[in-house]
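Scroll down for the structure; my scribbles are underneath it.
The values are calculated or read from the model by the stated rules, or taken from the named source; none is laboratory data. Computed from a predicted structure; not experimentally measured. We place every Cβ from the backbone using ideal geometry, glycine too, and count neighbours over all the protein chains shown.
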Amino acid sequence: MLRQLCPPVSLPKPSGPPQPVFPDRDPTTIPVTVTADLKPLMQQINSALPTGEDADGAWGVIDNDFAGNVGLKYKVWRGEPAIAASADGIKLSLDLFYHAAIAQRVRNGIFVGGYSWHEVASCGFAEGPRRVHIELTYHLNWQSNYHLVGSWERHTDYSRCHLTVINYDVTPRVQAIIDPKSDDAAKRLLVLLQNVDFRSQVEALWSALRTPIKSTDLAGTLNISPQKIGVTPLGGSGSTLTDTFIVSAYPNVFQDPGAGNGPPADVFQGPSALPNLELMSPSSDARFRVNVAEHLPFSKATMMAKQELDGKKITYSNLNFTIAVQEVCGNSRLAFVKLRLDGDLQGSVYLTGDMAYDPATYIFSIQHLQLTPAEVSDFTQAVVASMQDPTFLASVEQKLRWPLQGRIASIKDEMNKRMQNVALPSGFRLQGGVTDLEPTFIAAYPEPCDPVFPPETCIQDVTVGAFMVTVRASGKLSISK
């Protein structure tokens, strides 16, 4: 007779006090798309831009020559500004227009007397006004306080007005008027952009992401657990400024412990106050990940295996015997099946195997059965040969299959229902869904679940020896406004 206790080895215990561990070692990165319409800024921008200058009244003396004074009349006016966002920043475009005329002050003659102005050249009248195209380009970056900071540059393209009759170029005079006013407007616009405060919106979002997402028809609760927040370089097109905030989080799903009790103590919450903003790049694997654990008690596994295997008759090398399942159990990463043999072979024997889980069928199984090393050395060659016969082992393996159709089987539908177009404060909406299920941890616990070893697979209220399966549900999760 062989060993009567299951399992035949002891589970190692960790040393030291319990340490807090994230529900998921790999953080989830959640993109949050934020857009800002630049059009409302246009009214403020209009007041900051140069309006032009009208000197079309009296002739202003600008020079003297052999014939007398030279006078100038001109007018500068502007069109409607246009603002556009791009990958390079924000550009403000503005067209100004001007025309000008030159006159000579000459004596009227002996009989009339006095002097009068006689126009000798002009530009921007009959052929249309001259144009000045101004582009103000702003290169903006984020500060940790959720404000923008940046620099600007001006590019001005003048359609020149050169009056060849007296070889006079009006353009520098117009430029002396326009350039300082354009620079002043550019500085005022930069102040407007730097005063745009995104913090209040992001604080509302942060608070929303720290609130468990529940549904009246679902028992579980989704906890996003945001940890930090970053932002990508600014972009956009047209009048829409676009950016993506990146929330780093450790999402988890837990069973509601009761009204008003909140999440379990071992669910990592992260900082309650909005942290400083960090500059970061979007993850190439921008997926959320949630660990979901389920357990199969040894007693249930044993009962179901008995229904499948008890009374099975085995014939090997003129030996006839029947088998009965006495216990299915495990320890750490190994599973054990204790069989009772009756007939030509009598006694108890342990088969050990590997635990496996198929998320496509939700089937937990024990595979690669073999005798324990101790039994191989203790048994006769005939017993060892019969117990290690591939046909016999395969027939037993086919019956060691248990459907886990609880939390793991329902997590995909639950998460998809929970994350479809969820309204958040300040106009944000959360969208997402589970696309993949991947086993991440399988172990056997002969004693009640220890919340320290390992915390990822510990389920509340597990008070019996059980097989534990942890599956990572992953998919897309995004927030937009």
Only one of these conditions is not met by THR315: (1) in contact with a helix residue (DSSP H, G or I) (Cβ under 6 Å, 6 or more places away or on another chain); (2) assigned to a strand (DSSP E or B); (3) modelled with pLDDT under 90. Which number is it? (1)
Residues within segment 365-398 that are in contact with a strand residue (DSSP E or B) (Cβ under 8 Å, 6 or more places away or on another chain) and not in a helix (DSSP H, G or I), tallied: 11
Checked pairs for segment 337-349, first in the same structural domain as SER299 (by TED's automatic domain parsing) and part of a loop (DSSP other than H, G, I, E, B), second crowded, with 20+ Cβ neighbours inside 10 Å and hydroxyl-bearing (Ser, Thr, Tyr), C-beta under 9 Å and 6 or more apart or across chains, list as LEU345/SER386
Kindly indicate which of ILE62, ILE83 is touching a helix residue (DSSP H, G or I) at 6+ places or on another chain (Cβ under 8 Å), at pLDDT below 75 and not polar (S, T, N, Q). ILE62
Out of the residues in segment 165-203 that are closer than 30 Å to ASN276 by Cα and crowded, with 16+ Cβ neighbours inside 10 Å, which is nearest to the chain's Cα centre (by Cα)? VAL202
Taking segment 410-431, which residues are modelled with pLDDT of 75 or more and either on the phi > 0 side of the Ramachandran plot or in contact with a Pro (Cβ under 9 Å, 6 or more places away or on another chain) (or both)? GLY427
Would segment 180-197 turn up any residue that is hydroxyl-bearing (Ser, Thr, Tyr) and in contact with a helix residue (DSSP H, G or I) (Cβ under 9 Å, 6 or more places away or on another chain)? no
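Residue by residue, here is whether (1) surrounded by 18 or more Cβ atoms within 10 Å (Cβ to Cβ); (2) within 24 Å of HIS133 (Cα to Cα); (3) of a type in the set (A, V, I, L, M) holds:
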| site | (1), (2), (3) |
| --- | --- |
| THR35 | no, no, no |
| LEU41 | yes, yes, yes |
| PRO50 | yes, yes, no |
| ASN69 | no, no, no |
| ALA82 | no, yes, yes |
| GLY89 | yes, yes, no |
| LEU94 | yes, yes, yes |
So which residues in segment 391-412 are surrounded by fewer than 17 Cβ atoms within 10 Å (Cβ to Cβ) and touching a residue at least 60 places away in the same chain (Cβ under 8 Å), if there are any at all? SER395, GLY406
